[in-house]
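Undergrad: My questions all concern the structure below.
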Amino acid sequence: MNVLVIGSGAREHAIAWKLSQSEFCDQVFVAPGNAGTAEFHTTAAVDIHDFEELGKFAADFNIMMMVVGPENSLVEGIHDYFAQSEYLKHILVIGPKKAAAMLEGSKDYCKAFLQKYNIPTARYQAFTEDTFKEAVEYLKQQSFPAVIKADGLAAGKGVIIAQDYEEGFDALDAMLRNKRFGNAGSKVVIEEYLQGIEVSVFILTDGKEYVLLPEAKDYKRIGEGDSGLNTGGMGAISPVPFADEVFMQKVKERVIEPTLRGMQEEQLDYSGFLFIGLMNVNGDPYVIEYNVRLGDPETEAILPRIQSDLFMMFKALHDHTLGEYQLEVDPRTATTVILASGGYPEGYEKGKEISGLENVPKDVMVFHAGTSMVNGKLLNNGGRVFAVTALGDTMEEALAKANAAAEAITWQGRYYRRDIGFDLGKERVQ
Ligand code: AMP
Ligand code: GLY
């Protein structure tokens with residue numbers, strides 16, 4: 001069976017790598033892919049946002065399953081397009097339809113859903129340009145820090161943690177009046193700041209039954225000690241010591257089960273991964289956000305721990321048998337370190353030649369993100385360039401391997417955080 005993975009990051013490289021291990025997958029295509037996914041069948045010529053062109057490709061190459069990596073394709077309705085086409089509707093799409101993708105596509109929709117189904121989350125209210133005055137009044141009543149979020153997709157940049165009223169006012173002004181995030185910020189959510197430690201929880205679901213995947217912790221800031229600007233994510237660890245049985249039981253009962261009940265009541269047609277961004281507030285889970293896809297770099301840490309056949313998991317989703325699916329997970333710790341171009345998440349230079357990949361030990365996985373191959377030379381072509389993942393019996397062992405491999409891969413300006421896992425203590429809790 002031929003499978004198509006949509007996206008071009010290390011997440012998609014990891015998904016393709018995992019699927020290609022399945023005896024049921026014949027050819028794994030990645031569109032548009034990167035230099036790393038060329039080990040499969042990179043199809044850079046396809047414009048993934050042109051659904052007609054993509055559909056034609058899928059039909060021509062006899063694709064039977066499509067796994068959608070990034071959220072924008074889902075919010076744009078890639079699944080709906082395939083489902084509505086006579087020629088494409090037989091393709092099993094991993095990723096929800098547009099209506100359900102609004103759980104990520106609109107913070108207001110997400111918050112209203114959470115509130116309606118009594119799922120713990122920060123107190124909030126939504127405002128538009130027309131209710132700017134009310135937004136300012138509401139802001140005045142908040143304690144600080146307070147959180148201001150652009151409603152729509154803003155590639156992780158639409159969240160401002162305002163330390164005081166002035167900062168909050170400036171954020172409201174920039175989003176609602178000056179349209180700093182374009183349409184994404186024409187509506188905003190103001191919410192209470194949650195004090196705690198974050199964890200990313202993942203399920204694969206058909207909207208009724210689900211499989212709980214390994215959890216992970218993401219390191220979002222560019223600088224060591226969680227300082228500096230937010231990025232797409234600079235590293236990940238799985239498992240997360242504090243996400244123990246007691247905590248995960250609360251997550252199931254208070255978050256996952258009511259979420260699935262809500263999806264059914266709202267008649268949301270879901271098939272795919274749901275990534276629940278949680279804050280652990282004194283041992284209790286609060287939802288920060290839903291994402292309707294896997295996380296990046298979390299995927300690069302969790303897929304190497306999953307021993308089950310990913311294709312068969314997708315088949316179980318299709319057959320509505322996820323409820324009895326037994327996931328096999330490697331108990332070891334996986335650590336992922338991201339190598340980025342110097343200057344990221346702001347401006348950076350592309351086109352620098354990369355060396356040292358041959359010095360990476362065989363048991364360390366290197367997933368490509370912003371790479372390209374030009375005239376036989378491997379060049380950096382994006383902000384995040386590689387995700388390096390190692391497994392170990394302890395977090396320290398895994399980190400030592402991942403950091404050594406990260407050090408071995410070089411190009412001018414290459415940067416990585418050497419302190420991934422710094423906040424997780426010495427040994428993981430067994
Ligand atoms: P989001 O785009 O919703 O994931 O938000 C980006 C990041 O902002 C999150 O990963 C958190 O670190 C932080 N954040 C968002 N909402 C809150 C909140 N209510 N309290 C504290 N931190 C938050
Ligand atoms: N690592 C966070 C995300 O994928 O949104």
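Undergrad: Rounded to whole Å, give me the distance from the Cα center of segment 330-398 to that of segment 211-241.
TA: Their Cα centres are 15 Å away from one another.
Undergrad: With θ set to phi - 60° and the Karplus curve 6.51 cos²θ - 1.76 cosθ + 1.60, what are the ³J(HN,Hα) couplings of segment 322-329 in order, to the nearest whole Hz, using x for Gly and Pro?
TA: After applying 6.51 cos²θ - 1.76 cosθ + 1.60, I find 4, x, 9, 6, 9, 7, 9, 10 Hz.
Undergrad: Charges only on Cβ, +1 for Lys and Arg, -1 for Asp and Glu: so what's the dipole of segment 27-123 about the Cα centre, in debye to the nearest 20?
TA: Once rounded to the nearest 20, the dipole reads 660 debye.
Undergrad: Could you give the length gained on full extension between A59 and S186, defined as 0.36 nm per residue of separation minus the Cα-Cα distance, in nm?
TA: 41.9 nm
Undergrad: If you average the sequence gap of Cα pairs under 8 Å that are 6 or more apart and divide by the length of segment 323-430, what percent do you get for the contact order?
TA: Once normalised by length, the contact order is 36 percent.
Undergrad: So which of K179/K350; K352/K401; K133/K187; K18/K97; K157/K352 end up more than 20 Å apart by C-alpha?
TA: From K179/K350; K352/K401; K133/K187; K18/K97; K157/K352, over 20 Å: K179/K350; K352/K401; K18/K97; K157/K352.
Undergrad: Between E346 and D130, how high is the FRET efficiency from 1/(1 + (r/R0)^6) when r is the Cβ-Cβ distance and R₀ = 35 Å? Nearest 0.05.
TA: Efficiency for this residue pair is about 0.60.
Undergrad: Full extension from K252 to N282: what is 0.36 nm times the residue separation minus their Cα-Cα distance, to one decimal in nm?
TA: Full-extension gain reported as 9.1 nm.
Undergrad: Here's something else I'd like to know. Please compute the length gained on full extension between K179 and K377, using 0.36 nm multiplied by the number of residues separating them and subtracting their Cα-Cα distance.
TA: That works out to 67.2 nm of additional length.
Undergrad: Could you please rank R180, R11, R418, placing first whichever residue has the fewest other Cβ atoms within 10 Å of its Cβ?
TA: So the residues, fewest neighbours to most, are R418, R180, R11.
Undergrad: Among V255, V201, L229, which residue has its Cα furthest toward the positive end of the charge dipole of segment 200-272, with +1 on Lys/Arg Cβ and -1 on Asp/Glu Cβ?
TA: L229
Undergrad: Starting from the Cα gyration tensor of segment 200-269, take the square roots of the eigenvalues, sort them a ≥ b ≥ c, and report rounded, prolate or oblate (rounded when a/c is under 1.5, otherwise prolate if a/b is larger than b/c, else oblate).
TA: Because a/c hits 1.5 or more and a/b exceeds b/c, segment 200-269 counts as prolate.
Undergrad: Using alpha-carbon pairs under 8 Å, 6+ residues apart, how would you state the relative contact order of the chain in percent?
TA: Rounded, it is 16 percent for the chain.
Undergrad: So, one more: Describe numerically, in nm with one decimal, the distance between label points set 7 Å from Cα along Cα→Cβ at R261 and at D26.
TA: 4.6
Undergrad: As a test of the formula, what do you get for the chain when each DSSP H run with n ≥ 4 contributes -39,500 (n - 2.57) and the sum is divided by the residue count, at 222 nm and rounded to the nearest 500 deg cm²/dmol?
TA: Using -39500 (n - 2.57) per qualifying helix, the result is -7000 deg cm²/dmol.
Undergrad: How far apart, in nanometres, would the label points at D423 and R221 be if each is projected 7 angstrom from Cα along the Cα-to-Cβ direction?
TA: Once both label points are built, they end up 0.8 nm from each other.
Undergrad: While we're here: To one decimal place, what Kirkwood hydrodynamic radius in Å is obtained for segment 1-79 from all pairs of distinct Cα atoms?
TA: 12.2
Undergrad: Would you mind working out the magnitude of the charge dipole of segment 198-342 relative to its Cα centre, with +1 at each Lys and Arg C-beta and -1 at each Asp and Glu C-beta, to the nearest 20 Debye?
TA: So the magnitude is around 220 debye.
Undergrad: With label points built 7 Å along Cα→Cβ from the Cα atoms of L229 and H320, find their separation and express it in nm.
TA: According to this spin-label approximation, the distance is 4.7 nm.
Undergrad: Eight or more residues apart or on different chains, and alpha-carbon atoms under 19 Å: count the Lys pairs in segment 208-263 matching that.
TA: Summing the qualifying lysine pairs gives 4.
Undergrad: Moving on to the next point. Take peptides 190-200, 136-146, 379-389 and line them up by average Cβ neighbours within 10 Å, highest first, as a rough protection proxy.
TA: Ranked by mean Cβ neighbours within 10 Å, highest first: 379-389, 190-200, 136-146.
Readers should treat all values here as calculations from the given coordinates under stated rules, not as data from a laboratory. Note that this is a predicted model, so its numbers are computed, not measured. All Cβ positions, glycine included, derive from the backbone under ideal geometry; neighbour counts span all protein chains shown.
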